[in-house]
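S.K.: Sharing a structure here in structure tokens format.
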Amino acid sequence: MLNRSHLASIDFAIDDTGAKSISDVQGPLLAPGPRGAFDADGISVTSFATIEGALYAYYLGWSAGRSVPFTNFIGMAVADREGTRFERRFKSPVVGRSEADPFTVGYPWVLNEAGHWRMWYGSHLAWGPQDLQMLHVVKTASSPDGVHWKPDTGIALPLAGQSDPAEFAVSRPCVVRDGAGLLMWYARRNPGYCIGFAFSMDGENWIRADDAVTFAGEPGDWERSEQTYPCVFEHQSRRYMLYNGDGYGRTGFGLAVLDDNM
């Protein structure tokens, strides 16, 4: 749709033999905002949560730029009872520019643990002189209710630095509670896309272990160059990962089952 991303859904069944779709694509469930809005040029939904019985989506809103390729902010939308249509909770972002995040923010991941709301999201530290030259890290925010957010000033997940000088972005975090600690999968760029991994005891200080992420088997043509933008979830006591392939997932997304030792 004019190269503007929308929210859609599809149902699929998972069993020991694999996964298969059991519905047509439904949508758009949420479309870009009106001209001039912070999300007028596209939306990328990356996290969901339930607040007082209602399903909420946290998303990245795209605004095409002139001096830079884009500017992103974080929006929030609520679903109808059937979950087939979302409406914006606010016309403005729930996380936008600030002294801590002066350029662009996006790809939120939200967890609510006993009323303790936390968000991990991507933030630009700087733009380079050319279009997609950037420094992009993962930061955190907190909220008393899942609606009103206060970004923290520090960096939760910095760039690899000397261990990978070519890396210029870590983004699209996906965080899962695992016992007393937290696990994070995320997208890396150096300069192509791949998937990284880190673990933490407090959600603020992360230890990277990117080499722990490997894919068994031969990649398909749609993912031969890139595997990225992970979303990890539990199903019947097993852990699965949805992920994009080449070109930001241009021709589809895949499903992998994680090794029990991961």
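S.K.: Restricting to the range 108-122, and then to whatever is on the phi < 0 side of the Ramachandran plot and over 12 Å from the mean Cα position of the chain (by Cα), can you tell me which residue is most open to solvent (accessible area, probe 1.4 Å)? Working first, answer last.
M.R.: Taking the range 108-122 and keeping what is on the phi < 0 side of the Ramachandran plot, we get 108-113, 116-122.
Then keep just the ones that are over 12 Å from the mean Cα position of the chain (by Cα); that gives 111-113, 116-118.
Working: Leu111: 35, Asn112: 75, Glu113: 55, His116: 93, Trp117: 14, Arg118: 32 Å².
Checked the range 108-122; the qualifying residue most open to solvent (accessible area, probe 1.4 Å) is His116.
S.K.: What number of residues within the range 206-247 satisfy the criterion of being closer than 17 Å to Gly192 by Cβ and either in contact (Cβ under 8 Å) with a residue 60 or more places away in the chain or in a loop (DSSP other than H, G, I, E, B) (or both)? Walk me through how you get there before you give the answer.
M.R.: Our first condition is that a residue be closer than 17 Å to Gly192 by Cβ; within the range 206-247, this holds for 210-211, 213-215, 219-230, 243-247.
From what is left, the residues that are either in contact (Cβ under 8 Å) with a residue 60 or more places away in the chain or in a loop (DSSP other than H, G, I, E, B) (or both) are 213-215, 219-220, 224-227, 245.
Final tally of qualifying residues: 10.
S.K.: If you don't mind, there's one more thing I want to ask. List every residue pair whose Cβ atoms sit under 6 Å apart, with the two residues 6 or more apart in sequence or on different chains, where the first one lies in the range 64-84 and is among the hydroxyl-bearing types (Ser, Thr, Tyr) and the second, anywhere, is open to solvent by less than 30 Å² (accessible area, probe 1.4 Å) and at pLDDT 95 or above.
M.R.: That search, which allows pairs on different chains as well, returns Thr71/Ser63; Thr71/Thr104.
S.K.: Collect the residues in the range 1-24 that are part of a strand (DSSP E or B) and touching a strand residue (DSSP E or B) at 6+ places or on another chain (Cβ under 7 Å), keeping them in residue-number order. Steps first, answer last, please.
M.R.: Filtering the range 1-24 for residues part of a strand (DSSP E or B) gives 7-9, 12-15, 18-21.
Passing the criteria: Leu7, Ala8, Ser9, Phe12, Ala13, Ile14, Ala19, Lys20, Ser21.
S.K.: Would you pick out the residues in the range 70-105 that are farther than 19 Å from Leu29 by Cβ and open to solvent by less than 40 Å² (accessible area, probe 1.4 Å)?
M.R.: If we filter the range 70-105 for residues that are farther than 19 Å from Leu29 by Cβ, which is where we start, we get 70-73, 92-93, 95-105.
Within the range 70-105, Phe70, Thr71, Asn72, Phe73, Val95, Gly96, Ala100, Asp101, Thr104, Val105 qualify.
S.K.: Whether any residue in the range 150-166 is assigned to a strand (DSSP E or B) and surrounded by fewer than 20 Cβ atoms within 10 Å (Cβ to Cβ) is what I want to check. Quick ask: steps written out before the conclusion?
M.R.: From the range 150-166, those assigned to a strand (DSSP E or B) are 150-151, 157; that's our starting set.
Still in the running and surrounded by fewer than 20 Cβ atoms within 10 Å (Cβ to Cβ): 150.
So far as the range 150-166 goes, yes, one or more of its residues are assigned to a strand (DSSP E or B) and surrounded by fewer than 20 Cβ atoms within 10 Å (Cβ to Cβ).
S.K.: Kindly provide the set of residues from the range 214-233 that are farther than 17 Å from Leu157 by Cα, of a type outside the set (S, T, N, Q) and surrounded by 11 or more Cβ atoms within 10 Å (Cβ to Cβ), ordered by number.
M.R.: Phe215, Pro219, Gly220, Trp222, Glu223, Arg224, Glu226, Cys231, Val232, Phe233
Listed here are the residues, each with its yes/no results for (1) farther than 26 Å from Gly154 by Cα; (2) hydrophobic (A, V, I, L, M, F, W, C).
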site: Ala37; (1), (2): yes, yes
site: Ile51; (1), (2): yes, yes
site: Ala54; (1), (2): yes, yes
site: Phe73; (1), (2): no, yes
site: Pro93; (1), (2): no, no
site: Arg97; (1), (2): no, no
site: Pro102; (1), (2): no, no
site: Asn112; (1), (2): no, no
site: Leu132; (1), (2): no, yes
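S.K.: Follow-up. Go through the range 167-188 residue by residue and tally those that are at pLDDT below 95 and either among the β-branched types (Val, Ile, Thr) or buried (at least 19 other Cβ atoms within 10 Å of the Cβ) (or both).
M.R.: Residues that pass the stated criteria total 0.
The values are calculated or read from the model by the stated rules, or taken from the named source; none is laboratory data. Not measured: the values here are computed from a predicted model. A quick note on method: Cβ atoms are made from the backbone with ideal geometry, for glycine too, and the neighbour counts reach across all protein chains shown. Note: accessible area is taken over every heavy atom of the protein model, side chains too, but ligands, DNA and RNA are not part of it. Shrake-Rupley method; radii C 1.70, N 1.55, O 1.52, S 1.80 Å.
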